[in-house]
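Okay, structure first, notes after.
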């Protein structure tokens, strides 16, 4: 490692000590006190994951559309990726809404 890189690396450790001691806490949805809480946590986790994946899939589909170069197969693939990503998200959102509605109706 060159002297400059080593100096920059040590300066970063000194200036930003939080980067070294950063801790990420991931709570397991299985540590629940009841079945209802476990289902709620897993549902929230899936919904959060879907929120993160949706824009990525839309960007991939848009990339396929833009870089298709006039190829109708690539354009169709890009449209399908975007369409299926949106349909999947809608299904997950509707399922979450139905579960919330059932909780309110059943008083759980």
Worksheet item: Before we move on, is residue 105 more than 25 Å from the chain's Cα centre (by Cα) and under 30 Å from residue 37 (Cβ atoms)?
Response: yes
Worksheet item: Quick one: what pairs do we get from region 84-108, first residue at pLDDT below 90, second assigned to a helix (DSSP H, G or I), C-beta under 7 Å, 6+ apart or different chains?
Response: 96/43; 96/47; 99/43; 108/36
Worksheet item: In region 17-47, how many are assigned to a helix (DSSP H, G or I) and either at pLDDT 70 or above or surrounded by 10 or more Cβ atoms within 10 Å (Cβ to Cβ) (or both)?
Response: 14
Worksheet item: residue 74: loosely packed, with under 14 Cβ neighbours inside 10 Å and more than 30 Å from residue 108 (Cβ to Cβ), yes or no?
Response: no
Worksheet entry | Positions within region 61-83 being in contact with a helix residue (DSSP H, G or I) (Cβ under 6 Å, 6 or more places away or on another chain) and over 29 Å from residue 99 (Cβ atoms), in sequence order | 64, 65, 68, 74, 75, 77, 78
Item to complete: Please enumerate the residues belonging to region 61-108 that are over 19 Å from residue 41 (Cα atoms) and part of a loop (DSSP other than H, G, I, E, B).
Response: 67, 68, 69, 70, 71
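The values are calculated or read from the model by the stated rules, or taken from the named source; none is laboratory data. Note that this is a predicted model, so its numbers are computed, not measured. All Cβ positions, even for glycine, are placed from backbone atoms using ideal geometry, and neighbour counts span all protein chains on display.
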